[in-house]
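The values are calculated or read from the model by the stated rules, or taken from the named source; none is laboratory data. Model, not experiment: these values are computed from the prediction. No Cβ is skipped: glycine too gets one built from the backbone with ideal geometry, and neighbour counts run over all protein chains shown.
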Amino acid sequence: MSKSQSIWVSRPLFPEVLASLAQYVDVHVETSEHKHTPEELREKLAEVDGAIIGLSDRIDDKVIAGNRRLRAIANLAVGYNNLDLPALTKAGILATNTPDVLNETTADYAWALLLAAARRVSSAERWLRAGEWRGGMRFDDWLGVDVHGKTLGILGMGRIGQAIARRAYGFGMPVLYHNRSRLPEAIERECRAEWVEKTALLKRADHLILVLPYNAQNHHAIGAPELALMKPTAVLVNIARGGIVDDAALAVALREGRVAAAGLDVFEGEPAVNPALRELNNAVLSPHIASASADTRRAMAQLAADNLLAALGYGPSAGHPPSLLNPEARARHDVET
Ligand code: DGY
């Protein structure tokens, strides 16, 4: 039976989440994964009241220009640098993201990358799979750098950064962090973390994890000058966003041994990856999967669905999407609906 509102889901999604949407709205879902052009996005969004979209879907003023129907966009991620929030707000389109449900899973993955890069897990596995072990192994082969007992630096101390910091206690690691604003003392105490200036963080951290949001100010927050301040024994982990690190400069630093290793889940211009990084054995590379556990990806999808239904006036939170990014859009939205 046709419902009064329609939504578009830009990528295949868990059937149970789609079923929860279909109770209320007509659901048009893409059956294969692909990057949509701005023109495709324009066309798809012109025909629906709401949409669930992914990080590769860039929604800006051009994509929504002249769209009188679209009322809500639910981003399938906590980061929302793919959304032009001012443009959506101006158009009265509610925008939501998926905070909190991924904090712990993403923090786990930051540690997975740190440990894998420090202890050379990926390159050792490649060597083993290639049958090289039979040729013998020296006692001083495959030496990595220690993680336990070292000083952990965290750049960007939001909820994911805090979850990473809490785990450091188990490794006996003091934690330094830098954030635009200092955290309340109670949280610093709980995370056993000390605020320092960015330069001090780069110089003092034995290993550094990046968890800051991407925006114009954070573009290349870690470039050649910052890499030059880091210890040559340090591991750099980026689970935040491509563009925060200058990947070309990092590749040079890794090749020259000015930074020991890197664990990278995000890349400038992904899914393309700088070829210089792909060649390096001291870089552990993964395809933006820090939040990809079965439970967490389901929780993110369900939260996006709940957000969208609520924004369109359905479900237990009707009218009050749990993770609304632009409450200012509401006035415009209410007038129009
Ligand atoms: C996010 O939610 O922003 C992650 O990067 C996507 O998994």
Original post:
Which helices (runs of 4 or more DSSP H) sit wholly inside segment 167-261 and have at least 3 residues that are free of Cβ contacts under 8 Å to residues at least 60 places away in the same chain and surrounded by 15 or more Cβ atoms within 10 Å (Cβ to Cβ)?
Top reply: 198-204, 224-229, 247-255
Original post:
Restricting attention to segment 290-303, which residues are touching a helix residue (DSSP H, G or I) at 6+ places or on another chain (Cβ under 7 Å) and within 8 Å of the ligand (Cβ to nearest atom)?
Top reply: A290, S291
Original post:
Are any residues in segment 262-273 surrounded by 20 or more Cβ atoms within 10 Å (Cβ to Cβ), assigned to a loop (DSSP other than H, G, I, E, B) and either aromatic (F, W, Y) or away from the ligand (no atom under 14 Å from the Cβ) (or both), and if so, which ones?
Top reply: F267
**OP:** Please state which one of D84, D108 is more than 14 Å from the ligand (Cβ to nearest atom) and either within 20 Å of A290 (Cβ to Cβ) or within 26 Å of the chain's Cα centre (by Cα) (or both).
**Re:** D84
**OP:** Show the residue pairs that are 6+ apart or on different chains and have beta-carbon atoms under 7 Å apart, the first residue being within segment 294-305 and among the polar types (S, T, N, Q), the second being within 10 Å of the ligand (Cβ to nearest atom) and modelled with pLDDT of 95 or more.
**Re:** T296/V101; T296/L102; T296/T105
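One line per residue, one yes/no per condition, for (1) touching a Lys or Arg at 6+ places or on another chain (Cβ under 6 Å); (2) at pLDDT 95 or above; (3) more than 16 Å from the ligand (Cβ to nearest atom):
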position	(1), (2), (3)
E226	no, yes, yes
T233	no, yes, yes
D247	no, yes, yes
E256	no, yes, yes
L285	no, yes, no
P316	no, no, yes
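Listed here are the residues, each with its yes/no results for (1) out of contact with any Asp or Glu (no Cβ under 8 Å at 6 or more places or on another chain); (2) touching a residue at least 24 places away in the same chain (Cβ under 8 Å); (3) closer than 26 Å to P213 by Cβ.
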residue	(1), (2), (3)
R11	no, yes, yes
A22	yes, no, no
V25	no, yes, no
E33	yes, no, yes
T37	yes, no, yes
E47	yes, yes, no
L55	yes, yes, yes
I59	no, yes, yes
